[in-house]
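Student: Could you have a look at this structure, given as structure tokens, before my questions?
The values are calculated or read from the model by the stated rules, or taken from the named source; none is laboratory data. These numbers were taken from a predicted model, which means no experiment stands behind them. With ideal geometry, Cβ positions are generated from the backbone for all residues, glycine too; neighbour counts draw on all protein chains shown.
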Amino acid sequence: MATRVIIVRHGQSSYNAEKRIQGRSDESVITDQGSADAKIVGETLSLIKFKTIYCSPLQRAKKTAEIIATHLKNPATLQPVEKLLEIDLPLWEKLTKEEVRENFSEDYRCWKERPQEFKMVLGEREHFPVLSLYEQAKEFWQEILPKNEGETILIVAHNGINRCLIMSAIGIPTAKYHAIQQSNCCINVLNFTGGWGEAVQLESLNQTAHLGIPLPPPRPPESKLRLLLIRHGETAWNREGRFQGIRDIPLNENGRKQAGKAAEFLREVQIDFGITSPMLRPQETAEIILAEHSGVKLETRELLTEICHGLWEGKLETEIETAFPGLLQQWKEAPETVQMPEGENLQQVWERAIACWEEIVSTYSNAEKPLTGIVCAHDAINKVILCYLLGLKPDNFWNIKQGNGAVSVIDYPQGKQGTQVLQAINITTHLSGGILDQTAAGAL
């Protein structure tokens with residue numbers, strides 16, 4: 001049975017406001033803003049029935065969890081857990097980020113550029129904060145998952161441990177520690193199909209719309225390039241569960257509504273350029289979004305065309321199983337091993353989608369001013385791109401969810417040469433009003 005896990009970062013703390021390193025120091029307290037945001041999170045999650053709320057014992061996280069718990073319609077047990085403690089940075093705690101940059105310049109550069117190698121020397125002991133935190137996250141999952149099979153649980157913790165919980169669950173390497181964002185009082189959703197080591201889906205990352213922040217802001221404040229990766233709206237074949245591939249199926253009425261909601265969601269965002277797959281469903285989605293942004297030219301990229309399913313196209317799963325016994329199950333369990341009959345394999349899609357993405361980044365990251373653009377494509381294409389950016393491989397294809405009309409946010413703070421930041425993945429709040437993805441679960 002599936003286990004749903006909702007992960008929340010604590011509300012703004014006094015050290016957050018002062019831009020100080022917190023680590024495991026317990027001096028930092030939640031601010032008035034943090035308390036207000038925690039209340040909003042509680043109201044947002046109020047109708048979800050949680051078996052247990054697990055929280056870090058540090059007061060900024062524990063207080064956030066307590067505020068959330070008071071707004072839930074179904075009371076849940078609140079349980080502080082040591083394995084949800086924040087990353088341990090003993091030599092930096094209580095210092096401002098600027099003080100750390102000035103006094104530990106080489107270490108800070110390693111922390112930012114090679115977090116998997118970053119260490120602190122404590123007497124005769126070498127301490128690797130990120131590697132240690134990653135192992136701590138794995139131990140948490142191994143301890144907690146068997147106790148909550150088939151249930152929904154809430155975790156309220158910190159920036160670093162939340163990252164490692166997500167990373168360890170779906171296999172993101174520690175080198176990507178700084179590649180995913182966790183805003184104060186953000187919401188993440190993970191779906192475990194079974195116990196530790198079995199398939200896990202990242203349904204969403206770093207949702208902030210419930211706080212009145214549609215898209216997480218760039219950090220630092222100006223990023224050289226922001227790309228909004230969007231999946232097309234729903235089609236009749238999505239709704240029916242028919243494999244589309246390169247069949248040029250247009251949006252259905254609901255798909256056009258989804259595109260309209262995405263357009264409204266992004267109305268106040270400065271969009272400088274638009275790129276789409278040449279197929280009807282993403283192109284129409286992009287055109288509806290850009291109708292709110294006069295003067296923005298829409299370009300097409302052939303390499304963003306959806307995966308070719310060959311002889312599967314137009315068929316339902318039952319029909320595919322009859323015609324190609326066992327191959328559909330292989331696609332679900334080991335997608336990187338499947339050659340679509342008279343179609344593509346995932347490696348071919350991976351190579352062309354990544355080549356196209358890198359070309360887009362190269363083209364638009366060297367402008368005189370920061371730019372924001374939309375890239376509108378398909379389920380398989382978007383999953384491949386997001387896996388690549390997270391340091392994953394084709395066999396992680398099913399670890400990432402992409403709903404119809406969903407928006408993901410990728411920043412390039414230093415342009416193509418720097419580390420990209422996954423600010424948010426699979427935002428669908430504009431479609432349903434809730435934090436859970438309610439879009440069609442149909443075929444690609």
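Student: Of all the residues that make up region 267-322, how many are surrounded by 21 or more Cβ atoms within 10 Å (Cβ to Cβ) and among the polar types (S, T, N, Q)?
Tutor: Number satisfying all stated conditions: 4.
Student: From the list 218, 173, exactly one residue is at pLDDT below 95 and under 22 Å from residue 390 (Cα atoms). Which is it?
Tutor: On inspection, the qualifying residue turns out to be 218.
Student: Which ones in region 386-414 are more than 18 Å from residue 350 (Cα to Cα) and either part of a loop (DSSP other than H, G, I, E, B) or outside the structural domain of residue 338 (by TED's automatic domain parsing) (or both)?
Tutor: Selection gives 403, 404, 405, 406, 413, 414.
Student: Let me ask something else about it. For residues in region 174-204 being in contact with a Ser or Thr (Cβ under 8 Å, 6 or more places away or on another chain) and of a type in the set (A, V, I, L, M, F, W, C), which is surrounded by the fewest Cβ atoms within 10 Å (Cβ to Cβ)?
Tutor: 199
Student: If a residue must be part of a strand (DSSP E or B), out of contact with any Phe, Trp or Tyr (no Cβ under 7 Å at 6 or more places or on another chain) and not β-branched (Val, Ile, Thr), how many such residues does region 153-176 contain?
Tutor: Total meeting the criteria: 1.
Student: Now for a different question. Out of curiosity, is residue 246 among the aliphatic types (A, V, I, L, M), touching a strand residue (DSSP E or B) at 6+ places or on another chain (Cβ under 6 Å) and modelled with pLDDT of 95 or more?
Tutor: No, not satisfied.
Student: With the structure loaded, tell me whether residue 43 is out of contact with any strand residue (DSSP E or B) (no Cβ under 8 Å at 6 or more places or on another chain) and outside any loop (DSSP other than H, G, I, E, B) or whether it fails that test.
Tutor: On the way: out of contact with any strand residue (DSSP E or B) (no Cβ under 8 Å at 6 or more places or on another chain): yes; outside any loop (DSSP other than H, G, I, E, B): yes.
Yes.
Student: Sticking with this one: Residue pairs, Cβ under 8 Å, 6 or more apart or interchain, first in region 289-306 and modelled with pLDDT under 95, second in a loop (DSSP other than H, G, I, E, B). List them.
Tutor: As it stands, the answer is 292/266; 292/267, since those pairs meet every condition given.
Student: I'd like to check something: does region 292-306 contain any residue that is within 27 Å of the chain's Cα centre (by Cα) and farther than 30 Å from residue 371 by Cα?
Tutor: no
Student: Continuing with the same structure: Among residues belonging to region 216-253 that are more than 21 Å from the chain's Cα centre (by Cα) and assigned to a strand (DSSP E or B), point out the one that is farthest from residue 311 (Cα to Cα).
Tutor: If we take residues in region 216-253 being more than 21 Å from the chain's Cα centre (by Cα) and assigned to a strand (DSSP E or B), then 251 is farthest from residue 311 (Cα to Cα).
Student: Looking for whichever is touching a helix residue (DSSP H, G or I) at 6+ places or on another chain (Cβ under 9 Å), of a type outside the set (S, T, N, Q) and either under 21 Å from residue 229 (Cα atoms) or not assigned by TED's automatic domain parsing to the domain that holds residue 33 (or both) here; the options are 187, 161, 153. Which one fits?
Tutor: Among 187, 161, 153, only 187 is touching a helix residue (DSSP H, G or I) at 6+ places or on another chain (Cβ under 9 Å), of a type outside the set (S, T, N, Q) and either under 21 Å from residue 229 (Cα atoms) or not assigned by TED's automatic domain parsing to the domain that holds residue 33 (or both).
Student: Hey, another quick one. Is it true that some residue in region 217-226 is in contact with a helix residue (DSSP H, G or I) (Cβ under 6 Å, 6 or more places away or on another chain), surrounded by 24 or more Cβ atoms within 10 Å (Cβ to Cβ), under 16 Å from residue 411 (Cα atoms) and in contact (Cβ under 8 Å) with a residue 24 or more places away in the chain? Steps first, please.
Tutor: Step one: list which residues in region 217-226 are in contact with a helix residue (DSSP H, G or I) (Cβ under 6 Å, 6 or more places away or on another chain), which gives 224-225.
Right, trim to surrounded by 24 or more Cβ atoms within 10 Å (Cβ to Cβ) and you get 225.
Among the residues that remain, those that are also under 16 Å from residue 411 (Cα atoms) are: 225.
Those left that are additionally in contact (Cβ under 8 Å) with a residue 24 or more places away in the chain: 225.
So far as region 217-226 goes, yes, one or more of its residues are in contact with a helix residue (DSSP H, G or I) (Cβ under 6 Å, 6 or more places away or on another chain), surrounded by 24 or more Cβ atoms within 10 Å (Cβ to Cβ), under 16 Å from residue 411 (Cα atoms) and in contact (Cβ under 8 Å) with a residue 24 or more places away in the chain.
Student: While we're looking at this one, here's another question. Name the residue, out of 150, 197, 171, 123, that is touching a strand residue (DSSP E or B) at 6+ places or on another chain (Cβ under 8 Å), more than 27 Å from residue 264 (Cα to Cα) and not basic (Lys, Arg).
Tutor: None of the others qualify; the one that does is 150.
Student: If we only count helices (runs of 4 or more DSSP H) wholly inside region 55-152, which ones have 2 or more residues that are under 25 Å from the mean Cα position of the chain (by Cα), at pLDDT 95 or above and crowded, with 20+ Cβ neighbours inside 10 Å?
Tutor: 59-70, 129-144
Student: I've got another one for you. What tally of residues in region 415-444 results from selecting those that are modelled with pLDDT of 90 or more, part of a loop (DSSP other than H, G, I, E, B) and not small (Gly, Ala, Ser)?
Tutor: 7
Student: Do you know which residues across region 2-34 are part of a strand (DSSP E or B) and without any contact (Cβ under 8 Å) to a residue 40 or more places away in the chain?
Tutor: 30
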